[in-house]
Amino acid sequence: MIGRYEAFMNGTALSSVDNSILVLDVNHTPASVQRRTSRVANRNGSRVFGEYYSGASTTITFEIHEYDTIKRQSICDKVAQWAVYGKYLTTSDRPWRRLRCYCDNPPSIRSAKKWTDPIKMTFVAYQLPFWEEVNEAKLSMTGTNKTGTLYVPGNVKDTLVTARIEANASCANVTLGVGHTHFDLKNINLVDDDVVWVEYDDDMNLIIRKGAISLLAKRSGNDDLLADSGKLNTLYFISSASVTVDFLVRGWWL
């Protein structure tokens, strides 16, 4: 049924699962923050020396307008499959953002009699506790020593940056920098047209690879390349021969 609200899982609309479905509401709970603090000696207040965010969540409320109890249960089962086997949730009020999530509260019919009762399901983000931009912000530069700026949408500090490095000649060393963070990749021994990816898997583990070959041991510097969402960021690279570097980042939102 066509309504004011909609939810999409991996691009598939919830209402498309069956014509009897009407989405009633979309409720968001932002990522919660826990800050580690320590008291200041002989003074009021405390110092913050670290912070940790836990997952954002979204609850979808919908109705199944089907009087037949067997058909209604069958439709609910299809919605559960839509929810449980999904990965990226998008909602009509956040069309250009997505939540990498799990369905923690699958939909279920509590009463066969009360066929107009609303049904709820809740999705929680764990590995990445924020909403992220569907489209990546991108900055491409070619040469041996280049600096540029890139605006990253969002409102979260320290957003992970990925990169693609393509060698235009034999190249041994590349330094990638974003703001106050950098990677030094030494003795990677690229030849013309070799491509190195700096990226993250689904569990947010850093991967640096040339094809199937891991170059993670060749890295030194910071743990991650970090940009600030909602700001103009300075990015640069320095290489021992000409390369083309694509910096890629999806802005994060609370």
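Coordinate-derived values only; no laboratory data. Just so we're clear, the structure is a prediction, and the values are computed from it rather than from any experiment. Virtual Cβ from ideal backbone geometry, glycine too; neighbours counted across all protein chains shown.
Between Lys87 and Arg47, the distance separating the two model label sites (each 7 Å from Cα on the Cα→Cβ line) works out to 4.3 nm. Taking the Cα centre of the chain as reference, the dipole from Cβ charges on Lys and Arg (+1) and Asp and Glu (-1) amounts to some 820 debye. Size check on the range 162-254: the Cα extents along the three principal axes, sorted descending, read 42, 27, 21 Å. Full extension of the chain between Thr69 and Val195 gives 39.7 nm of extra length, using 0.36 nm per residue less the Cα-Cα distance. Full extension of the segment from Arg35 to Leu206, taken as 0.36 nm per residue of separation minus the current Cα-Cα distance, would add 59.1 nm. Projected over all directions and averaged, the alpha-carbon convex hull of the range 61-103 occupies 3.5 nm².
For the chain, the calculated P(r), taken from all Cα-Cα distances in 5 Å bins from zero up to the bin holding the longest distance, is 1, 6, 12, 13, 13, 11, 10, 10, 8, 7, 5, 3, 2, 1, 0 percent.
For the range 84-182, pairs of C-alpha atoms spaced more than 24 angstrom apart make up 49 percent of the total. When Tyr126, Tyr52 are sorted by how many other C-beta atoms sit within 10 angstrom of their C-beta, beginning with the fewest, the order is Tyr52, Tyr126.
An ellipsoid equivalent to the range 7-132, defined through the eigenvalues of its Cα gyration tensor, has semi-axes of 38, 15, 11 Å when rounded to whole angstrom and sorted largest first.
Count Lys and Arg as plus one, Asp and Glu as minus one, and take only other residues whose Cβ is under 11 Å from that of Gly50; the net charge is then +2. Counting only residues at least eight positions apart within a chain, or on another chain, the lysines with an alpha carbon under 29 Å from that of Lys138 are Lys87, Lys146, Lys157, Lys186, Lys210, Lys218, Lys231. Each Cα pair under 8 Å and six or more residues apart adds its sequence gap; the mean of these over the residue count of the range 7-132 is a relative contact order of 29 percent. Give me the percent relative contact order of the chain, please, defined on Cα pairs under 8 angstrom at least 6 residues apart. Averaging sequence separation for qualifying contacts and normalising by length gives 20 percent for the chain.
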